[in-house]
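**Q** Next up is a structure, given as structure tokens.
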Amino acid sequence: MDRVRIPFPHVSGADVAGEVIHTPNGEFGPGHRVMVQPGLSCARCAACLDGRDNECASYDVLGYRSDGGYAEIVKVPVQNLVAIPDSIGFVEAAAFPLVFLTAWHMLITRAGLRAGEDVLVLGAGSGVGQAAIQIAARHGARVFATAGTDAKLAKARQLGAYEVINHTSEDVPAKVRSFTNGRGVDVVFEHVGIATWERSLKSLARGGRLVTCGATTGHDVALDLRVLFTRQVSLLGSYMGRKAELLKAAQFFFAGELRPVVDRTFPLADAAEAQRCLEAREQFGKIVLVV
Ligand SMILES: [Zn+2]
């Protein structure tokens, strides 16, 4: 796969919340409080018309190959606006869409998570990790979560993790087996890539599903086909999610049952410092830029 060419000058930022200034046909009045569905699709192809907008051939993410939300004013298609109730603040609304949409599509739609199943969530302190713990726990799954510090593990428990594993000092597959009577988990929630791939496969039960949305530490993983077929493992790729899924997850958000974790906010002018903070993985959850 070729490297993606990011157009320059570039404005990053997939997650946006704020007040509407103008919509072409008055769909939302000025001052209407909204968050933005970050997936951009053509709205005309068979996949889009079938509700699978994240499978659109021209699918893009706001702030990826388009100009995004690191700005005072953002232009998006009107169908990407999602009204938010007055009880939801802009900071938490801006922390919600991309990671909860991604985690929902991975766990519910791709992995078909069922109540009573065991799930291993990697990287509890990441944006998708904290979302996945909450979504899986609220769907009746038993969640095991990994993180690199005790402080992050304590926060993972607060979000609903049943057991936690320190991935820097503990053997993840061995701990998973000790928690599950040697069986392994039904679902592994992956996004880390090469650094964790082998351990993730080893943590799966026979017939288990590994679902992944990322390759932060590298993409060129090895796969022992004998493990794939004898253990009857399913490997599932997942990218973003459908707008309908965001609307569904948002109902839980608006009701207070899913809560995006915001580590801290920075003024928009300090965006570079916010990026450095993310790169150093110091945060638990999301960092939000405020105008
Ligand atoms: Zn389309």
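The values are calculated or read from the model by the stated rules, or taken from the named source; none is laboratory data. Everything numeric in this text was worked out from a predicted model, so none of it was measured. All Cβ positions, even for glycine, are placed from backbone atoms using ideal geometry, and neighbour counts span all protein chains on display. When the accessible area is computed, the model is the full protein with side chains, heavy atoms only, and any ligands, DNA or RNA have been set aside. Shrake-Rupley method; radii C 1.70, N 1.55, O 1.52, S 1.80 Å.
**Q** Could you pull out the residue among 103, 115 that is open to solvent by 50 Å² or more (accessible area, probe 1.4 Å), out of contact with any strand residue (DSSP E or B) (no Cβ under 7 Å at 6 or more places or on another chain), under 30 Å from residue 180 (Cα atoms) and away from the ligand (no atom under 16 Å from the Cβ)? Even if it seems obvious, please write down each step before you answer.
**A** Working: 103 fails: open to solvent by 50 Å² or more (accessible area, probe 1.4 Å).
Answer to the check: 115.
**Q** How many residues does the stretch 236-258 hold that are surrounded by 18 or more Cβ atoms within 10 Å (Cβ to Cβ), charged (D, E, K, R) and either part of a loop (DSSP other than H, G, I, E, B) or at pLDDT below 95 (or both)?
**A** Counting residues in the stretch 236-258 that are surrounded by 18 or more Cβ atoms within 10 Å (Cβ to Cβ), charged (D, E, K, R) and either part of a loop (DSSP other than H, G, I, E, B) or at pLDDT below 95 (or both) gives 1.
**Q** Six or more apart or on different chains, Cβ under 8 Å: which pairs go from a residue in the stretch 35-49 that's open to solvent by 10 Å² or more (accessible area, probe 1.4 Å) and assigned to a helix (DSSP H, G or I) to one that's more than 10 Å from the ligand (Cβ to nearest atom) and of a type outside the set (Gly, Ala, Ser)? Could you list them?
**A** Taking only residues 6 or more apart or on different chains, not a single pair turns up.
**Q** For the stretch 10-31, name all the residues that are under 26 Å from the mean Cα position of the chain (by Cα), part of a loop (DSSP other than H, G, I, E, B) and not charged (D, E, K, R). Reasoning before the result, please.
**A** As a first pass, look at the stretch 10-31 and keep what is under 26 Å from the mean Cα position of the chain (by Cα): 10-20.
With part of a loop (DSSP other than H, G, I, E, B) added as a condition, the list becomes 10-16, 20.
Correct list: 10, 11, 12, 13, 14, 16, 20.
**Q** Which of the residues belonging to the stretch 48-80 are within 19 Å of the chain's Cα centre (by Cα) and within 15 Å of residue 32 (Cβ to Cβ)?
**A** Passing the criteria: only 80.
**Q** Okay, next question. Does residue 121 meet the test of being under 23 Å from residue 279 (Cβ atoms), within 12 Å of the chain's Cα centre (by Cα), open to solvent by 10 Å² or more (accessible area, probe 1.4 Å) and modelled with pLDDT of 95 or more?
**A** Here the answer is no, as residue 121 does not meet what is asked.
**Q** Follow-up. Identify the residue in the stretch 158-171 that is out of contact with any strand residue (DSSP E or B) (no Cβ under 6 Å at 6 or more places or on another chain) and open to solvent by 50 Å² or more (accessible area, probe 1.4 Å) and, among all such residues, is nearest to residue 198 (Cα to Cα).
**A** Among residues in the stretch 158-171 that are out of contact with any strand residue (DSSP E or B) (no Cβ under 6 Å at 6 or more places or on another chain) and open to solvent by 50 Å² or more (accessible area, probe 1.4 Å), the one nearest to residue 198 (Cα to Cα) is 171.
**Q** Suppose the filter is open to solvent by less than 20 Å² (accessible area, probe 1.4 Å) and at pLDDT 95 or above; does residue 28 pass it? Write out each step before concluding.
**A** Values: open to solvent by less than 20 Å² (accessible area, probe 1.4 Å): no; at pLDDT 95 or above: yes.
For residue 28, the condition - open to solvent by less than 20 Å² (accessible area, probe 1.4 Å) and at pLDDT 95 or above - is not met.
**Q** Please go through the stretch 70-92 and give me each residue that is small (Gly, Ala, Ser) and either open to solvent by 80 Å² or more (accessible area, probe 1.4 Å) or within 16 Å of the ligand (Cβ to nearest atom) (or both), ordered by number.
**A** Matches in the stretch 70-92: 87 only.
**Q** Quick one: in the stretch 50-69, which of the residues that are in a helix (DSSP H, G or I) and near the ligand (Cβ under 9 Å from one of its atoms) is surrounded by the fewest Cβ atoms within 10 Å (Cβ to Cβ)?
**A** 55
**Q** If you scan the stretch 201-230, which residues turn out to be touching an Asp or Glu at 6+ places or on another chain (Cβ under 7 Å) and open to solvent by 50 Å² or more (accessible area, probe 1.4 Å)?
**A** Listed by number, the list is empty, since nothing qualifies.
**Q** Continuing with the same structure: For the stretch 183-204, name all the residues that are in a helix (DSSP H, G or I) and over 19 Å from the mean Cα position of the chain (by Cα). I'd like the intermediate steps shown before the answer.
**A** Quick first cut of the stretch 183-204, residues in a helix (DSSP H, G or I) only: 197-202.
Across the stretch 183-204, the qualifying residues are 198, 199, 201, 202.
**Q** Of these, 233, 291, 261, which one is open to solvent by 70 Å² or more (accessible area, probe 1.4 Å) and hydrophobic (A, V, I, L, M, F, W, C)?
**A** 291
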